[in-house]
Amino acid sequence: MPATDDRRPKYQRIADSLREAIRSGEYGPGDRLPGENDLMATHGVARMTARQALGVLRDEGIAESRKGAGVFVRAFRPLRRRGIQRLARDQWGNGRSIWSADIEARDLQVDQVSVGEETAPEHIGAVLGLAAEEVACVRRRRFVLDGKPVLLATSYLPLSLVAGSAITREDTGPGGTYARLAELGHEPVHFREEIRSRMPSPDEVTQLNLAPGTPVILICRTAFTDQGHPVEVNEMTLDAASYVLEYDFDAGPGPASLGADATAPGDPA
């Protein structure tokens, strides 16, 4: 190990060695990692130092604790969210879910869906241009990948635009919400996503089955028509340990001003 690394705290150096052992294949998915007692004996450190080292791997989503059994290499493979390709019209315009750009052949399910009519929160109503008491169509979903909850999503759409359409039903049909908006004459052609992160609320910990210390990623997507009218705000909460966010784009002119006067917060799927 380089001399410069010796200045780092011992728990970080132990975490580095365990991480490298996982990457080299010494420990594979589902394998039990050395426990606190093992690390104490091997590295000559205190229990707290060993505990911190294992905590680093848990926080990174590399390992997970199993009560009474120890710490194991996480078998779940992170999902690569292709932020630009997934929203291309070639996806939803041809009847494919925008998720198909991300999941390849993996098993994705939406195990919780609710659709209703609600007064949108003030910050959402401001983005969509809703009057103070105007009702929105609200779609809430939980997405589960390979048996692991990874995303909570809540979409808000002006009810005046989507009333009576498949968007107000649990199953929106091929291509999802964006395909139905296009059929209604409100095709989304421009999207803006804002991303931030924080620690989860107790309810998010439960719904996403998060390991202790795991943060969440918040993505807020606003969809605009070619006239710059916002037609959906989608607030998503992602398990940070389950995702890699990928954005692949060419260099070009600065961003268009479409929708520049609208402001939006977090966002979903």
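To keep it simple, each residue is scored yes or no on (1) in contact with a Pro (Cβ under 7 Å, 6 or more places away or on another chain); (2) surrounded by fewer than 20 Cβ atoms within 10 Å (Cβ to Cβ); (3) of a type in the set (S, T, N, Q); (4) farther than 25 Å from Val244 by Cα.
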{"site": "Thr154", "(1), (2), (3), (4)": "yes, no, yes, no"}
{"site": "Leu161", "(1), (2), (3), (4)": "no, yes, no, yes"}
{"site": "Gly164", "(1), (2), (3), (4)": "no, yes, no, yes"}
{"site": "Arg169", "(1), (2), (3), (4)": "no, yes, no, yes"}
{"site": "Gly176", "(1), (2), (3), (4)": "no, no, no, no"}
{"site": "Ala182", "(1), (2), (3), (4)": "no, yes, no, yes"}
{"site": "Glu187", "(1), (2), (3), (4)": "no, yes, no, yes"}
{"site": "Gln207", "(1), (2), (3), (4)": "yes, yes, yes, no"}
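Of everything listed in (1) surrounded by 12 or more Cβ atoms within 10 Å (Cβ to Cβ); (2) modelled with pLDDT under 90, the single unmet condition for Ile195 is (2).
The residues in segment 133-154 that are touching a helix residue (DSSP H, G or I) at 6+ places or on another chain (Cβ under 8 Å) and closer than 17 Å to Val231 by Cα can be counted, and the count is 5. Of the candidates Leu184, Leu157, Leu161, the single residue that is without any contact (Cβ under 8 Å) to a residue 60 or more places away in the chain and either in the same structural domain as Gln52 (by TED's automatic domain parsing) or of a type in the set (A, V, I, L, M, F, W, C) (or both) is Leu184. Selection of segment 79-111 for residues being out of contact with any Leu (no Cβ under 9 Å at 6 or more places or on another chain), surrounded by fewer than 16 Cβ atoms within 10 Å (Cβ to Cβ) and modelled with pLDDT of 70 or more yields only Asp111. Criterion applied to Glu204, Glu232, Glu246 was being more than 14 Å from the chain's Cα centre (by Cα) and among the acidic types (Asp, Glu), and the one residue passing it is Glu232. The residue of segment 120-152 that is surrounded by the fewest Cβ atoms within 10 Å (Cβ to Cβ), among those that are aliphatic (A, V, I, L, M) and within 17 Å of Gln207 (Cβ to Cβ), is Val144. Where strands (runs of 3 or more DSSP E) fall entirely within segment 195-247, those with at least 3 residues that are of a type in the set (Asp, Glu) are at 230-239.
Considered as a group, the residues in segment 178-199 that are under 10 Å from Thr225 (Cβ atoms) and of a type in the set (A, V, I, L, M, F, W, C) include one that is farthest from the chain's Cα centre (by Cα), and that residue is Ala182.
The values are calculated or read from the model by the stated rules, or taken from the named source; none is laboratory data. All figures in this text were calculated on a predicted structure; none of them were measured in a lab. Don't worry about glycine lacking a Cβ; one is built from the backbone with ideal geometry, like all the others, and counts go over all protein chains shown.
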